[in-house]
Each structure stands twice: as structure tokens, then as C-alpha cells.
Amino acid sequence: MRSEGQNRISVLAIDDEVQIQRLLTLALETEGYRVATAGTAADGLAAAALHRHDLFIVDLGLPDMTGETVLRRLREWTQAPIIVLTVHSGEEQKIEALDSGADDYITKPFSTGELLARMRAALRRANKTPSDEPVFRSGTLEVDLAARQVRYKGELVKLTATEYDLLRLFVQHAGKVLTHRHILREVWGVAHENNTQYLRVYMQRLREKLEVDPTGDSLFLTEPGVGYRLVQSDK
Amino acid sequence: MWLERWSGYQAISLFYLLSVVLLALFVDRGPILFGTVLTAMGWSYLFAPPRWSFEISGFYDREMVAMYFFVALIVSQLTAALRAARTKERERQEAVMRARLLNESERLGRTLLNSVSHEMRTPLTTISAAPETLRSSGPLTSIQQEVASEIQFAAARLNRLVESLLSAARIESGLLRPKLDWCDLADVVKVSLRNRAEILKGHKLENRLSAATPLVWADYVLLEQAIGNLLLNAATHTPRGSKVIVDARVSDGAVTVEIFDNGPGIGAEDVDRIFDMFYRSASARPGGTGLGLHIVRGFVEAQGGTVFAENVPKGGARFSIVLPIREGAPALEEQAA
């Protein structure tokens, strides 16, 4: 969602490949974003400090600095959403980036539609205030956080305490990927951050209760090797 | 004898001893012992009274012979130890150099792989995104729409090809590092099916995995790709409209994922080599890389599993991925935390 008023959302894209810079500029400006680009991490950080940006797109393969360092530097003074560009089979890289402060990632070659969707989700989360949207809706799912009620296709669904905590975490980060470790830490505590089997079992249960229609779209997307994502459908 | 003008007969034994010591620098203990005996006999016969006999009459002379043997023994022991130490040191240095070379070549291989993949993926990203950018830039003529679609399909295919080559390279270079953790097998299969929905469009799919499938200890990404390659293989080698079935069962401490098809089955001459790199059966449709099944085997074996391919009695082929069951898998009904 774009912000109201005359101001267009400003995006800074840091990637050493000119082709990618051009591609991002084209795709994003078509959607109404204002785009600035930088070819090195140093230039990118300088540009980030010079002007205010609403969102950052950072390639993890920058020549002059590791992705982790760029993220940590940015996070020293900005809470704006950061989406990183990664490659296939770079699961370790993705998790490291998410742990270093990235909000989401997208894998090259990416679909610009997918990138735009993740940007929207990240911006939505950044602009949200607690009073906004007490009721979350996505497709067949409806979650009333205030009343602690969950509905599937209008019907109330009974969830255990842990199942609800897990669902609520997803709702609070709707549209964004959450790493296994992050989920385990938030729902089960730091002591259990490596007990992936708990997560598998509970995701299976949530899916059983909320993704009843096998032919329908998935509500919870598995991000292989990284984590899970609750789909925010804009229907 | 003229020699006796330069030294007494006893001192001559020291010359013999010197020769034994020098010999010890070059030969091992056995020959030294032999040399020692020989030289002692020589001295005894030629120099020690009574001369020209092997008998040694003087008590001090006999003492000297004993000492002679002692010294020769100790010296030969010393040189043998020195030689052994030198060999060990040389072997150690060779091992260090070998390890360093191995490290270096692994590092080079990884760097090469990373830079090649980076180089290939960048233009691919631009090409893949072009159709979407075109479509969103405004209304397209029907020709433009067709071209955009063609670019999209070709880019997707090229991408799959690049990924296959990189996977095979990673397997061959030994740089594969599986990340093993608990995986929901039913989820892996579902994701695999969904990711290949386009390719499987022309076939009748049956997913027989129930939610009661146990958790497996595996690398999610590698397993998903292995299953996906088997699905792709089934789809490309069987006639349109035929069935492709995915099933999983537990037995004998292992979880087996099976993919059945109703196609012509595997030729007798292909069965043993079907998982080899670049192997393509004579009956295969043109246009594949011959890497798909090789990657399946590489990925599965990296996770400690095995793959099988065989024909089913009532027609068609069955490909199996067998993963050993790991202790500690909670049943899905169990209450956790």
C-alpha cells in the first residue's frame, strides 16, 4: 500500500550489477515508487545516510562488504524495512541476513511481482500502529487478536494455547518470512530454539485446522531451509 | 706389518670400528651386525694375537671385542632411530603440504563455483523479469504477449538448466554441505509437487502421503529437489495422461519415498547406469541434460540415504529414496512442550 499524500515511497537499491539496478528501477518506478541506486556498499551506506528512504533493497553479493556488515551498519540507525537479494541454495546466507536485520529476502532470478508483494508486506508492517487492524484477514482465515478468536471460513476454530501463540506470531508478521529459530525462540523460548521437531509438529497441526481445503491456496508457505511465511492475500 | 709401525694391533680395532660406524650411516641394523662380525673376525685373524687364527688369547683383548660389539650395536641403533625420525618428519611435511593443496583446491573450486553461478544468474535475472516488466508497462499486442510468454518459458527452462549444472558441479567437487534437521516429509512432497505443477500438468497425480508420515532427518532443500527431479523424470518419460503416484512408507528403520509411474518402465540395459552422470537412455526424449537422476543420487547420498530404480511387475517404474530413521522423531500425535 502506498502512503497517502504527494510523497512517493522512496526505495534505495544497492546492487553491483548495472542490469539489476536498471531492472529494479524500471519495475519499481512503474509501480509508483521513487528509486535511487548504488553500486557498492560504501556508496549505498553514504546514500542511505544522505536522504531518507522508506525501504532498502540490498544485494548480498556486494564486492566491497559482506551482506551481514551492510545490514548491521544500516540497522545501527534505521528501522526501515530491508529486503535482501539472494541466490538459490543460499539458505545459510538468507538466515544470516534475516538474523542480521533483514526483513525479508527474494531469490534471484526473481519475479518482480513477488518482490513487490514482499515490499508491500514489509512496508505494511513498518507503518502499522497497534490500534490498526485488530482483525487480520487473509483468504479464509480471520484472526481477532483482541478477542483471541480465530475463524476459518467464518466458523470458529479451537486452538490450543501454543497453537494460538504460533498463529499470532505469524499474524503479527504477516507476509514476511520467519526463520525456524526466530519462531522457536518467540513461541517456545530461547532454550528450545533448536527443537525444530516441535515446530514441524505444530505447523502440521495449524495446517490441518486452517488449510482444510487441499485444493485451495496455502496459507502457510514453507520457505525451504529457512522458515515459514503466512500469506497475506489482498483479496 | 707396515701398519703396525703407525699403531698397535689394538688401536687397529678402532679403525675397524670407524668403518662400522660409517657403514651405520647408510645401512640398517641387520647388515651392520653382519659387518661388525666380519670386521671383528678380520681383526681377530689378522691382528689380534695369536695371529692367523680366530682365537683371541688376551683377556683385555676379549674385553675389547665385547666393547666393540656394544659400541657397534649402540651406534647402529642410534642411526636407525635417526633415520626413522627423518622419514617421519618428511612424511609429516608431505601430509601438511597435501592438506594445504586440498584446502586450496577446495577453496578455488568453491570460489569458481560461486563466481560462475553469480555470473550466470545475473543476466538470467534480467531476462526472467523482462516479460513481467513488459506486461506491467502497458497493454501489449498479441504478438508481444506471445513473445513475452516465450521469453518467460525459455528463461525458466534456462534457469532450471543452470541450477542442474551447478548442483551437479557441487556434487562432483565434494562441496555439498547438507543441512540436516527434522523435516515434515508430507510438506516436502507437497512443496515439490507444487513447484513442478506446470511440468506435471499433463499427468494424473496422486499424492498418497498422509499427515501421519513421520518426521525425517534430512536436508529439506536437497530432499525437495531430489523428489522434484524424480517427478520430472516420471513426467518426461511417460505418456501424457498417465498416472504418477507419490507414496511413503516406514519399514526396517528407514523411511522410503516412492514415485511410481505407468510408463514403459526402465530398459534392461539402462537399469544399472540410470543414475550415472550424463547418462541418457536410448529411448529418452531429446532435450534433457542427463543430470536429473545423477543429482537425485548425489543429493540423497549426501544425506546418508540411498536411491533405487526398478520396474514394477504390472508395468511402469518405481524410484525409491530410502532415508534411515533417526532416533528421537516424535510421533505427530505427541504433545510437545
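The values are calculated or read from the model by the stated rules, or taken from the named source; none is laboratory data. On a predicted model such as this, the values are computed, not experimentally measured, just so you know. Every residue, glycine among them, receives a Cβ derived from its backbone with ideal geometry; neighbour counts consider all protein chains shown. SASA here: full protein model, heavy atoms, side chains in, ligands and nucleic acids out. Shrake-Rupley method; radii C 1.70, N 1.55, O 1.52, S 1.80 Å.
Just to confirm my filter: which helices (runs of 4 or more DSSP H) fall fully inside the range A:133-235 and include at least 1 residues that are within 16 Å of the chain's Cα centre (by Cα)? The helices (runs of 4 or more DSSP H) meeting that bar are A:161-172, A:180-188. Check whether at least one residue in the range A:122-143 is closer than 30 Å to A:Arg8 by Cα, basic (Lys, Arg), open to solvent by 10 Å² or more (accessible area, probe 1.4 Å) and in contact (Cβ under 8 Å) with a residue 24 or more places away in the chain, and report yes or no. There is at least one residue in the range A:122-143 that is closer than 30 Å to A:Arg8 by Cα, basic (Lys, Arg), open to solvent by 10 Å² or more (accessible area, probe 1.4 Å) and in contact (Cβ under 8 Å) with a residue 24 or more places away in the chain.
Taking residues in the range B:216-227 that are more than 10 Å from chain A (Cβ to nearest Cβ), and partners anywhere that are among the small types (Gly, Ala, Ser), the pairs with Cβ atoms closer than 7 Å and at least 6 places apart or on different chains are B:Ile227/B:Ser192.
The range B:143-229 holds strands (runs of 3 or more DSSP E) entirely within its bounds, and those carrying 2 or more residues that are under 35 Å from the mean Cα position of the chain (by Cα) map to B:181-184, B:215-218. What do you reckon, is A:Leu166 within 14 Å of chain B (Cβ to nearest Cβ) and buried (at least 17 other Cβ atoms within 10 Å of the Cβ)? So A:Leu166 fits the description; yes.
When the range A:59-108 is limited to residues that are more than 14 Å from every other protein chain (Cβ to nearest Cβ), in contact (Cβ under 8 Å) with a residue 60 or more places away in the chain and assigned to a helix (DSSP H, G or I), the one that is surrounded by the most Cβ atoms within 10 Å (Cβ to Cβ) turns out to be A:Leu98. Kindly indicate whether B:Leu180 is within 10 Å of chain A (Cβ to nearest Cβ), surrounded by 15 or more Cβ atoms within 10 Å (Cβ to Cβ) and touching a residue at least 60 places away in the same chain (Cβ under 8 Å). No, not satisfied. Taking the conditions exactly as written (more than 14 Å from chain B (Cβ to nearest Cβ), of a type outside the set (Lys, Arg) and under 21 Å from A:Glu223 (Cβ atoms)), does A:Asp144 satisfy them or not? Considered against the rule, which asks whether it is more than 14 Å from chain B (Cβ to nearest Cβ), of a type outside the set (Lys, Arg) and under 21 Å from A:Glu223 (Cβ atoms), A:Asp144 comes out as no. When A:Val226 is evaluated against the numbered criteria (1) away from chain B (no Cβ under 12 Å); (2) in contact (Cβ under 8 Å) with a residue 60 or more places away in the chain; (3) open to solvent by less than 10 Å² (accessible area, probe 1.4 Å), which criterion, by number, is the only one it fails? Checking A:Val226 against (1) away from chain B (no Cβ under 12 Å); (2) in contact (Cβ under 8 Å) with a residue 60 or more places away in the chain; (3) open to solvent by less than 10 Å² (accessible area, probe 1.4 Å), the one that fails is (1).
Residue count for the range A:109-121 satisfying the condition of being open to solvent by less than 60 Å² (accessible area, probe 1.4 Å) and either aliphatic (A, V, I, L, M) or without any contact (Cβ under 8 Å) to a residue 40 or more places away in the chain (or both): 9. Examine the range A:24-40 for a residue that is among the β-branched types (Val, Ile, Thr) and within 11 Å of chain B (Cβ to nearest Cβ), and state whether such a residue exists. Within the range A:24-40 (the criterion being among the β-branched types (Val, Ile, Thr) and within 11 Å of chain B (Cβ to nearest Cβ)), the answer is yes, since at least one residue qualifies.
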